[in-house]
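Report on the following structure.
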Amino acid sequence: MNEIKIGYFADGPWAHQAFDLLIRDKTIHMLFICVRYDTQDNTLKNYAAEHNIDYINNSNINSDVFFDQVKKYKCDLFVSMSFNQIFKSRIINLPHLKTINCHGGKLPYYRGRNILNWVLINDETEFGITVHYIDNHIDTGDIILQNTYEISDDDNYATLLQTSYRECASTLYESIKMIQNETVKVIRQESIHPVGMYCTQRKEGDEIIDWSKSSRDIFNLIRAICRPGPGARSVVNGNQVIINSSELIPSAPKYIGINGAVVELSDDYFVVKSGDTSIKITDYDYQGKILLGDRLG
């Protein structure tokens, strides 16, 4: 079997699990690990020391200094997993097998940022993991391998993260083996959809609940940004409430009322009027007591 030399641009839990697969394969030789410049993650640093792999931290991977540094390794392939710098042509094309990226989204849909949040917000029934060649744009290169995974109403950000950690690693490893064994049959993204879609990064303020939305939309937002995300948020009597989980109420009637009003109360939950029906709030943090008739907004 052909052996392959790679440079690993990586960070975070996705990269840890992929490393575990790659390092066990004696035909794959990882010559360096380049981490995010602002990383707080020492796991890959420890892995590098344990396995005698060069560890690189550079603020500009497109600089002349970095190019000259990594050129000396004569890698066959560069691999990106949860890395946060944009690769430009000179670096992309330095290895003769080019540069690939593992993306936690079903390309050409869900390019961009915070994909696991957006698929839940958009009420998708599946999400994808795609390994693709990097080109001069963001998440637009030819697809090497794409796998999809079912989403149910029991899923939330935390469960999708765990699936993504595991399946990104296996999808990336399988893709590298396809490249190594020369069995890749690329799929051009335009052949799936001529335009695709791009998701912007979610920022502070995007977590605020709009109670005029439907119960289904509110349910999706809450599960999309639950722990370890920031949590969906609202205000009661001038104080912030962080909502981590909710439940849809079967056969809840549609009616006009005050959106955001507390319409039912229990020791374990409270129910809020939404734009169409009402929704049960089952896990929340609030410094105070919520009363029947209180208004969230």
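So the values come out like this:
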read-out	value
Local electrostatic count, SER234, Cβ distance below 13 Å [Lys/Arg +1, Asp/Glu -1]	0
Reach of LYS106 by Cα under 20 Å, taken over aspartates and glutamates that are not fewer than 8 positions away in the same chain	ASP123, GLU124, GLU126, ASP135, ASP139, ASP142, GLU150, ASP153, ASP155, GLU167, GLU174, GLU190
Point-to-point label distance, ASN181-ASN239, nm (Cα→Cβ direction, 7 Å offset)	6.0
Size of electric dipole in the chain: Cβ of Lys, Arg +1 and of Asp, Glu -1, about Cα centre, debye, nearest 20	720
Leading residue at positive end of dipole, the chain (Cβ point charges), from LEU291, LEU120, TYR133	TYR133
Spatial separation of Cα centroids for segment 107-153 and segment 1-43, in angstrom	22
Additional length obtainable on full extension of the chain from VAL263 to ILE23, 0.36 nm per residue less Cα span	80.8 nm
Mean Cβ neighbour count within 10 Å, used as a protection proxy, ranking 98-108, 213-223, 275-285, 62-72 highest first	98-108, 213-223, 275-285, 62-72
Check: segment 174-258 dipole with +1 on Lys, Arg Cβ and -1 on Asp, Glu Cβ, in debye	100
Integer Hz, Karplus 6.51/-1.76/1.60 couplings in order for segment 237-252, x for Gly and Pro	6, x, 10, 6, 10, 9, 10, 9, 7, 8, 9, 6, 9, x, 6, 4
Extreme residue, positive dipole direction of the chain, given options SER234, VAL35, TYR73 (C-beta unit charges)	TYR73
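Since every read-out is calculated from the coordinates, none of them should be taken as a lab result. These figures come from a predicted structure and were not determined experimentally. Here Cβ is always computed from backbone atoms with ideal geometry, including for glycine, and neighbour counts include all displayed protein chains.
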